[in-house]
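Here is the structure we will look at.
The values are calculated or read from the model by the stated rules, or taken from the named source; none is laboratory data. Remember, predicted model here, so these are calculated numbers, not experimental data. In this analysis, Cβ positions are derived from the backbone assuming ideal geometry, glycine residues included, and neighbour counts consider all displayed protein chains. Keep in mind that these areas ignore ligands, DNA and RNA; they rest on the heavy atoms of the full protein, side chains included. Shrake-Rupley method; radii C 1.70, N 1.55, O 1.52, S 1.80 Å.
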Amino acid sequence: MKSVVTVELPQRSYEVAVVSGGLDHLGSWMQPLKLGKKVLLISNPGIFRSYGERAIASLEQAGFEVVQHTIPAGERYKTLASIQKIYDTALANRLERSSTIVALSGGVVGDMAGFAAATWLRGINFVQVPTSLLAMIDASIGGKTGVNHPQGKNLIGAFYQPRLVLIDPQVLNTLPAREFRAGMAEVIKYGIIWDAQLFEQLEQASRLDQQRYLDLELLQMILTRSCEAKAHVVSKDEKEAGLRAILNYGHTIGHAVESLTGYRLVNHGEAVAIGMVAAGQIAVELGLWTQAESDRQHALIQKTGLPTQIPAELDVEAIVDTLQTDKKVEAGRVRFVLPTQIGTVKVTDQVPSETVRQVLRQLQ
């Protein structure tokens, strides 16, 4: 199975290819892009053990000279210190402006590799080979790169588009079930913000909590439709000046939950799931959509095995305070993405703090 989605941009469009077995043809996909010979392959140790040799073999067969660098897995390593180590490897191996950084990884390492590519020699080529569901349908597309600050997630970064995104569904075979569920949070997000038909197809699936319960056709559909949604939004609003803000559905409260738990207790997808439940209920309280629609979202999130309640140890006031550090705050007002029906959302900063507190208390 193969499908190719194009991210149409004014300066440089690129392809997102969903290709079963594509990892073994990475070099062939990169050859037409007329890149320099030197490639820095960045991964985490576990992913590199599983897929690093195959990626390097494909690249070398296509004539690339490859060096590799690994970063420990985990959000807590998404720091400027890790970026410094990438720079050290780039310098030691004399990466040039024609060189390419290839991220063979999930979203955390992919974000860091992209930021390193954006800033090394003021910008070198970048290719994404995502290995988690979350990275495949979200983090690898759209050019958001960066690292965390101790006071907030992704506060340091740049918009920097890849030259290519190559998605091989087969690498999901080794993805832990918890990480697969985390990715499903973003799939549900696309259903809510953009694609009601995708949402309905997910509702019809028998099980969504583990990849082994999805047949190849359903998985290909999920990957392709999700990538199409992300690509369409990014094509219309590359740097989040307007429409792209809808991609933050569930992320406002989700990022606060991640930050307050030190990025250890809940992963990104779990936090987004909690954030979507909260945003959905805020929309009900404000009369933007119905309780029945909110209940459908809640049921689908539960079907994937994702959490729907805030960790008991989190204080509601601490969450409300943390919302003020969100990147989307303007003039002191927190912007929320709220659904108006399944498949459509709106962005608003007219959400009373007391409504937020009320909903958060309901989710404890």
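A few comments on the model shown:
- Full-stretch length increase - GLN201, THR344 - with 0.36 nm per residue and alpha-carbon distance subtracted: 49.8 nm
- For the chain, the longest principal axis of the Cα atoms and the long axis of helix 107-119 meet at an angle of about 60 degrees.
- Taking the DSSP beta bridges with both ends in the range 16-170, the antiparallel portion is around 20 percent.
- Among beta bridges that DSSP assigns inside the chain, antiparallel share in %, nearest 5: 45 percent
- With every protein chain in place, the chain: carbon and sulfur % of accessible area (1.4 Å): 48 percent
- Cα centroid separation, the range 240-281 to the range 23-78: 30 Å.
- Summing +1 for each Lys or Arg and -1 for each Asp or Glu among the other residues whose beta-carbon sits under 14 angstrom from that of VAL316 gives -3.
- Overall form of the range 44-91 per C-alpha gyration tensor (a/c, 1.5; a/b vs b/c): oblate
- 21 Å Cα-Cα reach of LYS303 towards lysines, excluding residues that sit fewer than 8 places from it in its own chain: LYS189
- A straight Cα-to-Cα reach below 14 Å connects LYS230 with the aspartates and glutamates GLU8, GLU15, ASP138, GLU186, ASP195, GLU238, GLU240, residues fewer than 8 places away in its own chain not being considered.
- Loop-located GluC sites (Glu not before Pro) in the range 306-364 (DSSP state other than H, G, I, E, B) with a sparse environment of at most 14 neighbouring Cβ atoms within 10 Å: GLU313.
- Surface analysis of the range 61-202 yields an accessible area of 35 Å² per residue, using protein heavy atoms and a 1.4 Å probe.
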